[in-house]
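The values are calculated or read from the model by the stated rules, or taken from the named source; none is laboratory data. If you're wondering where the values come from, they're calculated on a predicted model, not measured in any experiment. Cβ coordinates were reconstructed from backbone atoms using ideal geometry, including for glycine residues, and neighbour counts include every protein chain displayed. Heavy atoms of the whole protein, side chains included, go into the accessibility calculation; ligands, DNA and RNA do not. Shrake-Rupley method; radii C 1.70, N 1.55, O 1.52, S 1.80 Å.
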Amino acid sequence: MSFELRDRDLLGRIGRITVKGKTLETPAFMPVVNPLIETILPNRLRKEFGCDILITNSYIIRNHFQDVPDLELHKLLDFDGVVMTDSGAYQILVYGEVEVTQPEIIDWQKKIGSDISVILDIPTGWDVPRETVEYTVEETLKRAEAALPLIEDTPNLWVGPIQGGKHLDLVAKSAKKIGEMPFDVHALGSPTEVMERYMYPVLVDMAMTAKLNAPIERPIHLFGAGHPNIFAMSVAMGYDLFDSAAYALFAKDERYLTNRGTYLFKDLQYLPCGCPICRNRSPEDLRDMPQHERQRLIAEHNLHVTMAEMQTVKQAIYEGSLWDLVETRAKGHAEMTSALKTLSKYSKYLEEGSPGFKGKGIFYYDYHSLAKPEVIRYQRKLVENYRKPANKDTRILLTTPNRKPYSRNQGFKKLKKELKEYSDRVEYCFIAAPYGLIPENLAETYPTSQYQIAEPLDYETIQHTVGNIIEYLEKHPAKTIIAYKDTPLDQELIKQLDGKYPAVLINEIDNDAKEAILKQLTTI
Ligand SMILES: [Zn+2]
């Protein structure tokens, strides 16, 4: 198989999976299709909804169509895209067991022409004792090992599932061990219950643990993730494939999906959507329909918004604004906002996955934006790599002027000119949220020349900025003078430095400031 990366942002990526001559762009959502209850006919999925992949259950198909000679999956479903098949593991989760052995279901998936296929793993489930979780991890690994001789030399892509539930040490072990085996794709099992209970922070820890321990070059699937509001965050964590029956199941309960959350259809006064279903209809039009007809149309709407959200996510990767989208979507549910805070713990890894400059200015909305790769990377590079010019033994920290780039500010240029006799000795650095210190030399480079930050600064942003400044000053000691204005950021910096360096309060970068700085320069 080939998995070719085209673009990336955070740990998210746009890739191309090639299987059996078919190409699939990722991240991709696959609707769950039950061949016995076809809510939307599969032959409409590609053309009308843009679904290039679907997932169906090989176990159910085997139970119902085993005796059909030469059964071929794509023909049965009337779908010419990529077909992924689950193995019946979900039925193990629900019913405790299945009436099929692993060799039988592997053989069946090969026979019916599945493109992406799953071994018969043992899902961890939820609310089970740790011993049971350990068993599901060990048993899945054993089955994976046993499956290897059965799946080698097949054109199918084979999925090695990762178990462990909320026990992160077991998730890590499961991901690492199965990652050592030659599977094409990995998948994190059992997050469905976590999502149904809105335990998004737990999901983030599970998903990041699996991602960081599985081979990064292989596509990874998040089983059962189908609500569009979770896509941006899941893709940011490096997940490539998603499946769910939510579009159809929610429709049965007349629940209407949007990327900001779910509505009960009966509560809708308007249809806040431009999809082909909603565009020319009002809620009354749908209410007047027979129930099954209304539910079918809600399912179609649900699938349209699900697919549209994936396009939005891909565009965000392309333009390098995925974190902004994650922040926006996280506002849709309090638990999603909590999950965003959990995700911020992993900002180091998100930064490592992100490419550099994508030509776009950066917005900082509030402290959630502190996890942006540009902030993390800037500070890391400053502390690790930046060296002040060798001849300069004194640093002057200055409150930032109003306009960027700071080094071109008229007042600053004038000050520099008037202190010209010290120019060989002095390096100017700006005190700037959220970065920390911006040496004059870096003030016209990315990302410090192209960003906007919402003011007034919040508490966390001030603490973060001051923390960055102190980290830099401590790692690179030099004579330092601080010329500060009375902003909350400056006040906090002065407070935390506690008199360690001489500091002068200035109103503007003007003549008075010059005199005050000069006085310090002559005594330091
Ligand atoms: Zn719609």
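The table that follows gives values for the structure above.
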{"quantity": "Those residues of segment 252-272 which are under 27 Å from the mean Cα position of the chain (by Cα) and open to solvent by less than 40 Å² (accessible area, probe 1.4 Å), in sequence order", "calculated": "Y256, L257, T258, G261"}
{"quantity": "Which numbered condition I230 fails, given (1) open to solvent by less than 10 Å² (accessible area, probe 1.4 Å); (2) within 16 Å of the ligand (Cβ to nearest atom); (3) closer than 15 Å to R329 by Cα", "calculated": "(2)"}
{"quantity": "Helices (runs of 4 or more DSSP H) contained in segment 1-96 and holding at least 1 residues closer than 23 Å to I151 by Cβ and open to solvent by 30 Å² or more (accessible area, probe 1.4 Å)", "calculated": "58-65, 73-77, 89-95"}
{"quantity": "Meets criteria (within 15 Å of the ligand (Cβ to nearest atom) and within 18 Å of G50 (Cα to Cα)) for Y270", "calculated": "no"}
{"quantity": "Of all residues making up segment 399-426, the number that are under 36 Å from the mean Cα position of the chain (by Cα) and open to solvent by less than 20 Å² (accessible area, probe 1.4 Å)", "calculated": "4"}
{"quantity": "Boolean, A299 is within 16 Å of the ligand (Cβ to nearest atom) and modelled with pLDDT of 95 or more", "calculated": "yes"}
{"quantity": "Yes/no for L249 being open to solvent by 70 Å² or more (accessible area, probe 1.4 Å) and at pLDDT below 95", "calculated": "yes"}
{"quantity": "Boolean, K381 is over 23 Å from S449 (Cβ atoms) and either open to solvent by less than 20 Å² (accessible area, probe 1.4 Å) or in a helix (DSSP H, G or I) (or both)", "calculated": "no"}
{"quantity": "Exclusive hit being in a helix (DSSP H, G or I), modelled with pLDDT of 95 or more and either open to solvent by 70 Å² or more (accessible area, probe 1.4 Å) or touching a Ser or Thr at 6+ places or on another chain (Cβ under 8 Å) (or both), set E309, E284", "calculated": "E284"}
{"quantity": "Enumeration of residues in segment 159-211 that are among the β-branched types (V, I, T) and in contact with a Lys or Arg (Cβ under 9 Å, 6 or more places away or on another chain)", "calculated": "V185, V194, V202, V204"}
{"quantity": "Selection from segment 131-168 of residues that are at pLDDT 95 or above and among the basic types (K, R)", "calculated": "K142, R143"}
{"quantity": "Residue pairs meeting the criteria (Cβ under 6 Å; at least 6 apart or on separate chains; first assigned by TED's automatic domain parsing to the domain that holds D243, in segment 310-328; second among the basic types (K, R) and crowded, with 21+ Cβ neighbours inside 10 Å)", "calculated": "W323/K372"}
{"quantity": "Qualifying position, being in a loop (DSSP other than H, G, I, E, B) and open to solvent by less than 20 Å² (accessible area, probe 1.4 Å), among P389, P434, P477", "calculated": "P434"}
{"quantity": "Segment 312-337: number of residues that are open to solvent by 50 Å² or more (accessible area, probe 1.4 Å) and touching a Ser or Thr at 6+ places or on another chain (Cβ under 9 Å)", "calculated": "2"}
{"quantity": "Criterion (open to solvent by less than 90 Å² (accessible area, probe 1.4 Å) and under 12 Å from L398 (Cα atoms)) met by exactly one of I462, I524, I517", "calculated": "I517"}
{"quantity": "All positions within segment 233-261 that are under 19 Å from T39 (Cα atoms), away from the ligand (no atom under 14 Å from the Cβ) and small (G, A, S)", "calculated": "S244, A245, A246, A248"}
{"quantity": "Members of segment 172-194 found to be touching a helix residue (DSSP H, G or I) at 6+ places or on another chain (Cβ under 6 Å) and either among the aliphatic types (A, V, I, L, M) or buried (at least 21 other Cβ atoms within 10 Å of the Cβ) (or both), listed by number", "calculated": "A172, S174, A175, I178, M181, L188, P191, V194"}
{"quantity": "Candidate set from segment 121-171 (those that are among the aliphatic types (A, V, I, L, M) and either on the phi > 0 side of the Ramachandran plot or in a loop (DSSP other than H, G, I, E, B) (or both)); member that is least open to solvent (accessible area, probe 1.4 Å)", "calculated": "I122"}
{"quantity": "Residue check, T209 within 15 Å of the ligand (Cβ to nearest atom) and either open to solvent by less than 30 Å² (accessible area, probe 1.4 Å) or within 19 Å of K331 (Cα to Cα) (or both)", "calculated": "no"}
{"quantity": "Residues (among the hydrophobic types (A, V, I, L, M, F, W, C) and near the ligand (Cβ under 10 Å from one of its atoms)) located in segment 273-296", "calculated": "C273, C275, I277, C278"}
{"quantity": "Selection count where residues are assigned to a loop (DSSP other than H, G, I, E, B) and either at pLDDT 90 or above or closer than 27 Å to E455 by Cβ (or both), scope segment 480-524", "calculated": "13"}
{"quantity": "Filter result (touching a residue at least 60 places away in the same chain (Cβ under 8 Å) and within 27 Å of the chain's Cα centre (by Cα)) within segment 140-196", "calculated": "L157, V159, P161, D184, V185, A187, G189, S190, E193, V194"}
